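Note sheet for the following structure.
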Amino acid sequence: MTQERRHPQVTNLEGEGSARIGDATVRLRAGDYVTFPTGPESAHILTNTGAGPLRYLCFSTLPTTEVVGYPDSRKIGAMAAASSEATMSGQTWVRHLSFESTAAGYFDGEDVG
């Protein structure tokens, strides 16, 4: 997943895992901290590689608008809300997730005559 405005950070509390950040994979153990850069070249995912649970604390900035790209599944998500509180309670103006292949042209469906 790649996010354009949020800056997610993870502190690994328990277990072993890996964090893929772009083309790199970083091993995670209890006590490790990792932050994820924004942008498509830094798409990221956490994977549990241990025998037990992987428990982590994830936090980030919380802007009122967000555009997220999912390069592995070729999806794009967009969300906008009036405030962070509205976002957290699900009161968004726009919340959309679709596959890139369903993209429309800018003027598709518009009366331009």
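The values are calculated or read from the model by the stated rules, or taken from the named source; none is laboratory data. Source: prediction; values computed, not measured. Here Cβ is always computed from backbone atoms with ideal geometry, including for glycine, and neighbour counts include all displayed protein chains.
Computed quantities for the displayed model
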quantity: Residue list for the range 54-108, filter: among the acidic types (Asp, Glu), exposed (fewer than 14 other Cβ atoms within 10 Å of the Cβ) and closer than 30 Å to Gly17 by Cβ; calculated: Asp72, Glu100
quantity: Residue match in the range 56-67 (condition: touching a helix residue (DSSP H, G or I) at 6+ places or on another chain (Cβ under 7 Å), under 27 Å from Ser101 (Cβ atoms) and touching a residue at least 12 places away in the same chain (Cβ under 8 Å)); calculated: no
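Residues are listed down the side, and each one gets a yes or a no for (1) modelled with pLDDT of 90 or more; (2) outside any helix (DSSP H, G or I); (3) of a type in the set (S, T, N, Q):
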site: Arg6; (1), (2), (3): no, yes, no
site: Leu13; (1), (2), (3): yes, yes, no
site: Ala30; (1), (2), (3): yes, yes, no
site: Pro53; (1), (2), (3): yes, yes, no
site: Cys58; (1), (2), (3): no, yes, no
site: Val67; (1), (2), (3): no, yes, no
site: Met79; (1), (2), (3): no, yes, no
site: Glu85; (1), (2), (3): no, no, no
site: Val94; (1), (2), (3): no, yes, no
